[in-house]
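Structure first, commentary second.
The values are calculated or read from the model by the stated rules, or taken from the named source; none is laboratory data. This structure is a prediction, so every number in the text was calculated from the model and none was measured. Please note: Cβ atoms are built from the backbone with ideal geometry, for glycine as well, and neighbour counts cover all protein chains shown.
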Amino acid sequence: MRRTVVALLGPTASGKSALAVRAAERLPVEIVSMDSALVYRGMDIGTAKPGAALRARVPHHLIDLIDPDQAYSAGRWREDAIRTVGEILERKGVPLLVGGTMLYYRALVSGLDELPSADAELRARIDADAARRGWPALHEELRQADPASAARIAPNDSQRIQRALEVWRLTGKPLSALHGQGAPGLPFDVIGVALVPERALLHERIERRFGAMLRLGLVEEVRALREKHRLSPSMPSMRAVGYRQVWEYLDGRFDRAALMDKGVAATRQLAKRQLTWLRSFPGIVRLDGEKPDPVAALQRLLYSFL
């Protein structure tokens, strides 16, 4: 009989991780990270990575897999997640996918798209073009070629604009037309559950959390990573929200006060993009995170699929 696995989704700072841990206090839950930044070793503060004590108490998977100067794809995560969920089910545990990387969730439930590999030369040309004209200008170019992709990509989201333009120039086809062509091939079913706080509360949490990250030493963490690894601001690890802004701060592009403002603004933009992704997924169950005990609702849902 096919099993059903719950995926707990939501924007950054929505409380997903805390809710998952509370569920693990009542059920034999093992958390499978669905976060593209948590795969990097040494990126702890800016990712709100669970500490060693918590991970010893509640099993966490797909965390600390690679160094920040290495590559990790949605395809690799999908393979790792399917294998990990299967292993948890075999030992009678309760797998709970948790994270806000919506591309990972879509890759899991809809399969992978047949997309061309990255082209370093073309990416360099796109980056040079962006340096001259700005990413909003390239976003407008993308809008002309691929309106559907442009509608879900922010005008300053350099990484996704670059990839969408790269696919368009390599294939002559819009990225949106290639999405969803891969076969899922999942050995289990997945139900998505969204934890979405009220907007003002989410913004307050984002500001509070980013301030706490700075106090905990996020700047020092990025400085140490730059000294230890051969990193560049174009690498996926350093494009992560928070890390990108600290990199620019360390390069002297603005002062500490501006770092706080830019970090909060970028995180709010990330949350907005995550919510846009969530609205595009069919069959998502919305969980009210403001009730006194939202974990009870998650617990009932997990119980129903045991």
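Considered as a group, the residues in the range 252-269 that are in contact (Cβ under 8 Å) with a residue 12 or more places away in the chain and not basic (Lys, Arg) include one that is farthest from ARG215 (Cα to Cα), and that residue is GLN269.
Only one entry of ASP35, ASP69 meets the criterion of being within 22 Å of ARG208 (Cα to Cα) and in contact (Cβ under 8 Å) with a residue 12 or more places away in the chain, and that entry is ASP35. Check whether at least one residue in the range 50-57 is in contact (Cβ under 8 Å) with a residue 12 or more places away in the chain, crowded, with 18+ Cβ neighbours inside 10 Å and part of a loop (DSSP other than H, G, I, E, B), and report yes or no. The answer is yes, given that some residue of the range 50-57 is in contact (Cβ under 8 Å) with a residue 12 or more places away in the chain, crowded, with 18+ Cβ neighbours inside 10 Å and part of a loop (DSSP other than H, G, I, E, B). What do you reckon, is LEU201 at pLDDT 90 or above and either out of contact with any Cys (no Cβ under 6 Å at 6 or more places or on another chain) or of a type in the set (Asp, Glu) (or both)? It is true that LEU201 is at pLDDT 90 or above and either out of contact with any Cys (no Cβ under 6 Å at 6 or more places or on another chain) or of a type in the set (Asp, Glu) (or both). Screening the range 196-239 for residues that are surrounded by fewer than 20 Cβ atoms within 10 Å (Cβ to Cβ) and of a type in the set (Gly, Ala, Ser) and picking the one that is farthest from ALA120 (Cα to Cα) gives ALA200. If you check LEU278 against the conditions, is it under 30 Å from MET1 (Cβ atoms), under 20 Å from the mean Cα position of the chain (by Cα) and either part of a helix (DSSP H, G or I) or modelled with pLDDT under 95 (or both)? In short, yes. No other residue among LEU165, LEU142, LEU112, LEU108 is surrounded by 14 or more Cβ atoms within 10 Å (Cβ to Cβ) and not in a helix (DSSP H, G or I) apart from LEU112.
When each of ASP64, ASP44, ASP129 is tested for being surrounded by 15 or more Cβ atoms within 10 Å (Cβ to Cβ) and assigned by TED's automatic domain parsing to the domain that holds ARG169, the lone residue that passes is ASP129.
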